[in-house]
Amino acid sequence: MFEARLTEGSLLKKIIEAIKDLVQEANVDCSEEGLTMQAMDASHVSLCSLNMRHGGFDHYRCDRSISLGLNLANLGKILKCAGNDDVVTLKAEDEPDTLTLMFESPNQERISDFELKLMDIETEHLGIPNEEYKCTISMPSGEFQRIVRDLAVIGETCIITCTKEGVKFSVSGDLGNGNVTVRQSSAADGDEKDQVKIQMEEPVTLNFALRYLGFFTKATPLGSTVKLHMSPDVPIVVEYPIDGIGSISYFLAPKIDE
Amino acid sequence: GRKQASLFSFFQKK
């Protein structure tokens, strides 16, 4: 028996919105520890990794580890039937054919339940080493979203350069070119969540497809902060912490010299 | 020119 209850059901809506344009089908693994998902996009250029700890749920029970093969677009359709303030409960048997979703309005006046058919999905799991990255940038997620959106109008590839002073995002295209630099905040600058913080061992410059970075920014509603982890010649990690429950991280392979 | 690398160039299949 698997049962997981989230008072803030809208969180689940936001998570599926943040994944479904990149990944169509995925296995969500449920264990005593919580929910995890690892899935690549169809072209194997990027990977999305979701982690929701059991302690972040209001109620969590998982007697036996199970894998839920989900069509994320279809799950998104069902979650659209939930109100934004609804409490959402997920339920499945030990050898499930379906996932039951129950939505309860805050005053308990409306209770609905839906069953989503599960699928057998063959996935390739990648072993991702626990790496110490040379640069970690923490910045407001809305700022990152704006930069990616703005630069995507000009070109396809973004050069991200991280130095102690700041992070430079550069693009060039047929119409011209552009750069946006965000500088490290000084300690006196306002709110923690509005700050840009850079931890750097050595400067890093990498090239990335803006199209994918754009997919990742669908996670912006999940939190005020995004973290970018970079080292030379390896995929970037774009990590969105989800307050009190876990995180969603995207890995994107760089564009490299031919 | 630059080409898009695949994740398989960096991570092993489990």
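Assuming A:Glu156 fulfils every condition listed in (1) within 14 Å of chain B (Cβ to nearest Cβ); (2) crowded, with 16+ Cβ neighbours inside 10 Å apart from one, which condition is it?
(2)
Are any residues in the stretch A:66-119 touching a Pro at 6+ places or on another chain (Cβ under 9 Å) and in a loop (DSSP other than H, G, I, E, B), and if so, which ones?
Hits for the stretch A:66-119 are A:Gly83, A:Asp85, A:Asp86, A:Leu118.
Output the residue which, of all residues in the stretch A:239-258 that are more than 14 Å from every other protein chain (Cβ to nearest Cβ), of a type outside the set (Asp, Glu) and in a strand (DSSP E or B), is nearest to A:Arg53 (Cα to Cα). Full working, then the answer.
Step one: list which residues in the stretch A:239-258 are more than 14 Å from every other protein chain (Cβ to nearest Cβ), which gives A:239-248.
Narrowing the set further to residues that are of a type outside the set (Asp, Glu) leaves A:240-242, A:244-248.
So of that shortlist, the ones also in a strand (DSSP E or B) come out as A:240-242, A:246-248.
Values: A:Tyr240: 15, A:Pro241: 12, A:Ile242: 10, A:Gly246: 6, A:Ser247: 9, A:Ile248: 12 Å.
Looking at residues that are more than 14 Å from every other protein chain (Cβ to nearest Cβ), of a type outside the set (Asp, Glu) and in a strand (DSSP E or B), I get A:Gly246.
Condition check ((1) more than 20 Å from the chain's Cα centre (by Cα); (2) under 29 Å from A:Asp41 (Cα atoms); (3) more than 14 Å from chain B (Cβ to nearest Cβ); (4) among the small types (Gly, Ala, Ser)) across all residues:
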residue: A:Gly190; (1), (2), (3), (4): yes, no, yes, yes
residue: A:Leu206; (1), (2), (3), (4): yes, yes, no, no
residue: A:Leu213; (1), (2), (3), (4): no, yes, no, no
residue: A:Thr220; (1), (2), (3), (4): no, yes, yes, no
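Given the conditions (1) touching a strand residue (DSSP E or B) at 6+ places or on another chain (Cβ under 8 Å); (2) at pLDDT 95 or above, which single one is not true for A:His44?
Here A:His44 meets the rest and fails (1).
Would you say A:Leu126 is buried (at least 18 other Cβ atoms within 10 Å of the Cβ), in contact with a Leu (Cβ under 9 Å, 6 or more places away or on another chain) and at pLDDT below 95?
Answer is yes for this residue.
I need a count of the residues in the stretch A:31-59 that are among the small types (Gly, Ala, Ser) and within 14 Å of another protein chain (Cβ to nearest Cβ).
Counting residues in the stretch A:31-59 that are among the small types (Gly, Ala, Ser) and within 14 Å of another protein chain (Cβ to nearest Cβ) gives 5.
Take the conditions in contact with a strand residue (DSSP E or B) (Cβ under 7 Å, 6 or more places away or on another chain) and farther than 24 Å from A:Phe251 by Cα and apply them to A:Asp29. Does it pass?
When the stated conditions are applied, A:Asp29 does not pass them.
Any residue at all in the stretch A:58-67 that is hydrophobic (A, V, I, L, M, F, W, C) and surrounded by fewer than 21 Cβ atoms within 10 Å (Cβ to Cβ)? Outline the logic, then answer.
Narrowing the stretch A:58-67 to residues hydrophobic (A, V, I, L, M, F, W, C): A:62, A:66.
Add one more test, that the residue is surrounded by fewer than 21 Cβ atoms within 10 Å (Cβ to Cβ), and what stays is A:62, A:66.
For the stretch A:58-67, residues hydrophobic (A, V, I, L, M, F, W, C) and surrounded by fewer than 21 Cβ atoms within 10 Å (Cβ to Cβ): present.
Being within 14 Å of another protein chain (Cβ to nearest Cβ) and of a type outside the set (Phe, Trp, Tyr) narrows it down to one of A:Ser186, A:Ser170, so name that one.
Numbers: A:Ser186 fails: within 14 Å of another protein chain (Cβ to nearest Cβ).
Answer to the selection: A:Ser170.
Give the stretch A:58-76 a look and list any residue that's hydrophobic (A, V, I, L, M, F, W, C) and within 18 Å of the chain's Cα centre (by Cα), or say none.
Scanning the stretch A:58-76 gives A:Leu70, A:Leu72, A:Ala73, A:Leu75.
If I ask for residues that are within 14 Å of chain B (Cβ to nearest Cβ) and in contact (Cβ under 8 Å) with a residue 60 or more places away in the chain, which ones from the stretch A:101-153 would you list?
Scanning the stretch A:101-153 gives A:Thr123, A:Glu124, A:His125, A:Leu126, A:Ile128, A:Glu131, A:Tyr133.
Out of A:Val28, A:Val23, A:Val88, I need the residue that is modelled with pLDDT of 95 or more and within 14 Å of chain B (Cβ to nearest Cβ). Which one? Please lay out each step first, then the result.
Values: A:Val28 fails: within 14 Å of chain B (Cβ to nearest Cβ); A:Val88 fails: within 14 Å of chain B (Cβ to nearest Cβ).
One residue alone meets the criteria, A:Val23.
The values are calculated or read from the model by the stated rules, or taken from the named source; none is laboratory data. Quantities reported herein were computed from a predicted structural model and do not represent experimental measurements. When we count neighbours, we look across all protein chains shown, and the Cβ atoms used for this are built from the backbone with ideal geometry, even at glycine.
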